[in-house]
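Enquirer: One structure, as structure tokens, below. Some questions next.
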Amino acid sequence: MMKKIIILFIATLLCGCTQKAPDETKESQYKDGTYETTAMGYGGEFQVETVIKDDQIQDIVIKEHNETPSIGGVALEQMIENMKEQNRYDVDTISGATRSSQALKEAVEKAFEQAKNNS
């Protein structure tokens, strides 16, 4: 009887002492990099460069575009700030520049699709 109690005690100790180590090697959802995509805005096609690092939007740069500077240009800058702050591409569109806003969202979404870590 004493042997059973000792074995039970040791088994309890062994089970209680094992602890799973925290997962320090959590895999990123997106690959770091700079992704170039195109968007079809109100003034035509434009290039968008999206920089992703550590699953975060680091920067979004719009290359030459033909959007109206006082409307589409301002809206695009606001959208970029919102995307960076919220770390997502699906932010509210800017009233009065719906086509430009939608085009930017689509371009950044394409960048995220390219960056998706499939491993």
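Read-outs throughout are calculated quantities, based only on the coordinates presented, and are distinct from any laboratory measurement. As the structure is a prediction and not an experimental result, all values here were calculated from the model. As a convention, Cβ positions derive from the backbone with ideal geometry for all residues, glycine included, and neighbour counts pool all protein chains shown.
Enquirer: Are there any pairs, at least 6 apart or on different chains, whose C-beta atoms fall under 7 Å, with the first in region 56-69 and closer than 21 Å to Phe112 by Cα and the second assigned to a strand (DSSP E or B) and acidic (Asp, Glu), and if so, which?
Expert: Note: pairs meeting the criteria are Val61/Glu49; Lys63/Glu49.
Enquirer: Looking only at residues that are of a type in the set (A, V, I, L, M) and touching a helix residue (DSSP H, G or I) at 6+ places or on another chain (Cβ under 9 Å) in region 71-85, which one is surrounded by the fewest Cβ atoms within 10 Å (Cβ to Cβ)?
Expert: Only one residue fits best here, namely Ile71.
Enquirer: A follow-up question, please. Tally up the residues in region 63-92 that are under 17 Å from Lys105 (Cβ atoms), more than 18 Å from the chain's Cα centre (by Cα) and β-branched (Val, Ile, Thr), please.
Expert: Residues that pass the stated criteria total 2.
Enquirer: A further question follows. Anything in region 93-118 that is in a helix (DSSP H, G or I) and within 16 Å of the chain's Cα centre (by Cα)? List them, or say none.
Expert: Leu104, Lys105, Glu106, Ala107, Val108, Glu109, Lys110, Ala111, Phe112, Glu113, Gln114, Ala115
Enquirer: If Thr98 satisfies every condition in (1) closer than 20 Å to Glu45 by Cα; (2) touching a residue at least 40 places away in the same chain (Cβ under 8 Å); (3) surrounded by fewer than 19 Cβ atoms within 10 Å (Cβ to Cβ) but one, which is the exception?
Expert: (2)
Enquirer: If you scan region 70-90, which residues turn out to be of a type in the set (A, V, I, L, M) and either touching a Leu at 6+ places or on another chain (Cβ under 9 Å) or over 18 Å from Phe46 (Cβ atoms) (or both)?
Expert: Ala75, Leu76, Met79, Ile80, Met83 - these are the residues of region 70-90 that are of a type in the set (A, V, I, L, M) and either touching a Leu at 6+ places or on another chain (Cβ under 9 Å) or over 18 Å from Phe46 (Cβ atoms) (or both).
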